[in-house]
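The next block holds one structure in the form of structure tokens; read it before the comments.
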Amino acid sequence: MPGPSIRPRKARASHRGLSNDMKYQWIRQIYHSNFLEYICGGVLIAFTAVCLMQVLTRYLMVTHPWVGWSEELARLLFVWSTFLGATVLVKREEHLGVDFIINKLSTSGKPRKGLVLFKHLCMFIIAFLLLRYGIAIVKITAKDYMTTVGYPRNVFYMPGPVSGFLMLFYLIPRIIQDVADLIRLSMRRDL
């Protein structure tokens, strides 16, 4: 009695005949889009509007029950705008840094590329820790609720892991490019 026949799996129809470049085109579109900047700008506009509403209601001494949540919402929007803004700066390579030593080195030299790789690796470690421990804090605070809004308090801590993940998303291709540049430089010197 013959055993069951083993047939190779067919490729999914959506990927059949597509090159590797076309398969992952959506990742490149997300990487290069300004969607994160628009979200950060929207959060900042909402934060400004809520703060303005707080100031106006205090100045006019209006005490409505719906004004009580504005302080927690303003704090929440401030935290989200801070972490999303840090992610945008990492994406644009405009984050705060001391580049005195890097600027003194030649632009095409191996020491400069090595320092840039070191900088990106340090940022990678910080983003990974932000993701890892941010998830732990979000889990711990899931059962604690805000007093006026009634939402779980972990909403305040979610920007940490979200920002850590997005920073890793932007840093991994840079680290790969830095390693490739160093390899290319060392191969050029060996010839």
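The values are calculated or read from the model by the stated rules, or taken from the named source; none is laboratory data. Source: prediction; values computed, not measured. Don't worry about glycine lacking a Cβ; one is built from the backbone with ideal geometry, like all the others, and counts go over all protein chains shown.
Taken over region 74-120, residues that are touching a Leu at 6+ places or on another chain (Cβ under 6 Å) and more than 30 Å from L44 (Cα to Cα) amount to 5. When G134, G114 are screened for being assigned to a helix (DSSP H, G or I) and under 14 Å from the mean Cα position of the chain (by Cα), only G134 passes.
Hey, any hits in region 136-149 for a residue that's touching a strand residue (DSSP E or B) at 6+ places or on another chain (Cβ under 7 Å) and of a type in the set (K, R)? The answer is no; no qualifying residue exists.
When region 143-162 is limited to residues that are free of Cβ contacts under 8 Å to residues at least 60 places away in the same chain and aromatic (F, W, Y), the one that is nearest to S70 (Cα to Cα) turns out to be Y151. Taken over region 142-180, the criterion of being charged (D, E, K, R) and modelled with pLDDT under 90 is satisfied by K143, D144, R153. The set of residues in region 111-167 being farther than 23 Å from L84 by Cβ and hydroxyl-bearing (S, T, Y) consists of Y145, T147, T148.
Looking only at region 23-33, decide whether some residue is out of contact with any Cys (no Cβ under 8 Å at 6 or more places or on another chain), loosely packed, with under 10 Cβ neighbours inside 10 Å and modelled with pLDDT of 70 or more. Show your work before the answer.
Here is the first cut: in region 23-33, the residues out of contact with any Cys (no Cβ under 8 Å at 6 or more places or on another chain) are 23-33.
Of the ones still in play, those that are also loosely packed, with under 10 Cβ neighbours inside 10 Å are 26, 32.
Checking which are modelled with pLDDT of 70 or more leaves us with 32.
Yes, there is a match, as at least one residue in region 23-33 is out of contact with any Cys (no Cβ under 8 Å at 6 or more places or on another chain), loosely packed, with under 10 Cβ neighbours inside 10 Å and modelled with pLDDT of 70 or more.
If the condition is being over 20 Å from T147 (Cα atoms), hydrophobic (A, V, I, L, M, F, W, C) and modelled with pLDDT of 85 or more, then region 54-84 contributes F83, L84.
Within region 137-191, restricting attention to residues that are over 26 Å from L36 (Cα atoms) and charged (D, E, K, R), the residue that is surrounded by the most Cβ atoms within 10 Å (Cβ to Cβ) is D181. Taking the listed residues I126, I140, the one that is assigned to a helix (DSSP H, G or I) and in contact with a Gly (Cβ under 9 Å, 6 or more places away or on another chain) is I126, with no other qualifying. Evaluating L44 against the criteria (1) surrounded by fewer than 14 Cβ atoms within 10 Å (Cβ to Cβ); (2) out of contact with any Lys or Arg (no Cβ under 9 Å at 6 or more places or on another chain); (3) modelled with pLDDT of 75 or more leaves one unmet condition, (1). Inspect region 49-66 for any residue being within 20 Å of M167 (Cα to Cα) and without any contact (Cβ under 8 Å) to a residue 60 or more places away in the chain and give the result as yes or no. Taking every residue of region 49-66 in turn, none turns out to be within 20 Å of M167 (Cα to Cα) and without any contact (Cβ under 8 Å) to a residue 60 or more places away in the chain.
Specify which of the listed residues (V138, V98, V79, V88) is of a type in the set (V, I, T) and touching a residue at least 60 places away in the same chain (Cβ under 8 Å).
Values: V138 fails: touching a residue at least 60 places away in the same chain (Cβ under 8 Å); V98 fails: touching a residue at least 60 places away in the same chain (Cβ under 8 Å); V88 fails: touching a residue at least 60 places away in the same chain (Cβ under 8 Å).
The conditions single out V79.
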